[in-house]
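J.: Provided herewith is a single structure, encoded as C-alpha cells, for subsequent inquiry.
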Amino acid sequence: MFELIPFRTGNQGIWSYLDDLERSVFQGATPATGMLRTDIVDQGDHYLLSAELPGLSKEDIQVDLADGMLTIRANRTEEKEETKGNYLRRERKVGSYARSFDVSAVKTEDITAQYQDGVLSLKLPKIEAQPIPPTRQIEIQ
C-alpha cells in the first residue's frame, strides 16, 4: 500500500545538513524544502496537495509525472537593478527547488492543477479500492 509520501531530492547525509546550515547562516537563505512546503489533505474521493510557492509565476513552475512519481519543480531567477547617482538596488534569491511524491494510489490521468496567490493546488483523485474477496477454506481431497 502506497500513500502520498514526499521524498526529498539529494543526499540526506550529514553533508547535506551542513550545506543547508551554511546557506542559512551566510546567505540568509532557507533550505530547499523550506521553499516547497506542502500540505496533503484526504478529501474522501481525492487528495488535495497544496504547495506554497510565493513570489513565483505560473511559468516558473513545472509538474511532471513519470513512473508513479509526481515531481514539482520551481525555478527562481535572480533580479538585480542598480543605478548611479540615486542609488537603487533590488535583490531576489536564486534557486531551483523540487519535491517528489508517490502517486501509485492515484488516477494519474485525472490529476488537475491550479496556481493562485502563491499556492499550487493539485487535485489527485484516488483509485477505487478493489473489494477484497471473501476468505474461504479449501477442502483437501
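J.: Does Ala98 satisfy the criteria of being surrounded by 11 or more Cβ atoms within 10 Å (Cβ to Cβ), modelled with pLDDT under 95 and in contact with a Phe, Trp or Tyr (Cβ under 6 Å, 6 or more places away or on another chain)?
T.: no
J.: Also: Taking segment 103-119 only, how many residues are out of contact with any Asp or Glu (no Cβ under 8 Å at 6 or more places or on another chain) and assigned to a strand (DSSP E or B)?
T.: 6
J.: Which members of segment 116-138 meet the condition of being surrounded by fewer than 17 Cβ atoms within 10 Å (Cβ to Cβ) and under 17 Å from Glu59 (Cα atoms)?
T.: Gln116, Asp117, Gly118, Val119, Ser121
J.: Applying the selection to segment 108-141, what residues are in contact (Cβ under 8 Å) with a residue 24 or more places away in the chain and basic (Lys, Arg)?
T.: Lys123, Lys126
The values are calculated or read from the model by the stated rules, or taken from the named source; none is laboratory data. Computed from a prediction, not measured in an experiment: that's the story for all the values here. Cβ atoms come from the backbone with ideal geometry, glycine included; neighbour counts cover every protein chain shown.
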